[in-house]
Amino acid sequence: MTDRPWLLLDVSALAYRALFSIGGDLSHRGVKTGVVFGVFRAVLELMELHDTHRTVWCFDRGCGKRLELRKD
């Protein structure tokens, strides 16, 4: 068993960051791939930085639960 850390990834935030850092210019056969490329590049960099391959990918679907938990 390894003691390497788990990375808890906010993939929605990584995608948003990739959208505005890479933009929509990157494509393959007419399909825009910049966000996907940016997310995977960020995940690989984080995995290397923390020397782990253990990841949990979390995605937002609206703000419902977060708003319920924090009503201020």
Margin query: Around LEU26, under 15 Å between beta carbons, what's the net of Lys plus Arg minus Asp minus Glu among the other residues?
Written below: +3
Check: Tell me, what ³J(HN,Hα) does each residue in the range 41-51 have, in order and in whole Hz, if you take phi through Karplus 6.51 cos²θ - 1.76 cosθ + 1.60 with θ = phi - 60° and put x for Gly and Pro?
Finding: 4, 5, 5, 4, 5, 5, 4, 5, 4, 9, 6
Next item on the list: Under 13 Å from the Cβ of GLY38, count the other residues' Cβ atoms, weight Lys and Arg +1, Asp and Glu -1, and hand me the total.
Entry: +1
Notebook entry, point to check: Which values of log₁₀ I(q)/I(0), to two decimal places, follow from the Debye formula for the range 1-43 at q = 0.16, 0.25 Å⁻¹ with a uniform point scatterer at every Cα?
Noted result: -0.46, -0.80
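The numbers here are math on the coordinates, done by the rules we state, and not lab data. Given the structure is predicted, the values throughout are model-derived calculations rather than measurements. Methodologically, a virtual Cβ is constructed for each residue, glycine included, from the backbone with ideal geometry; neighbour enumeration extends over all protein chains shown.
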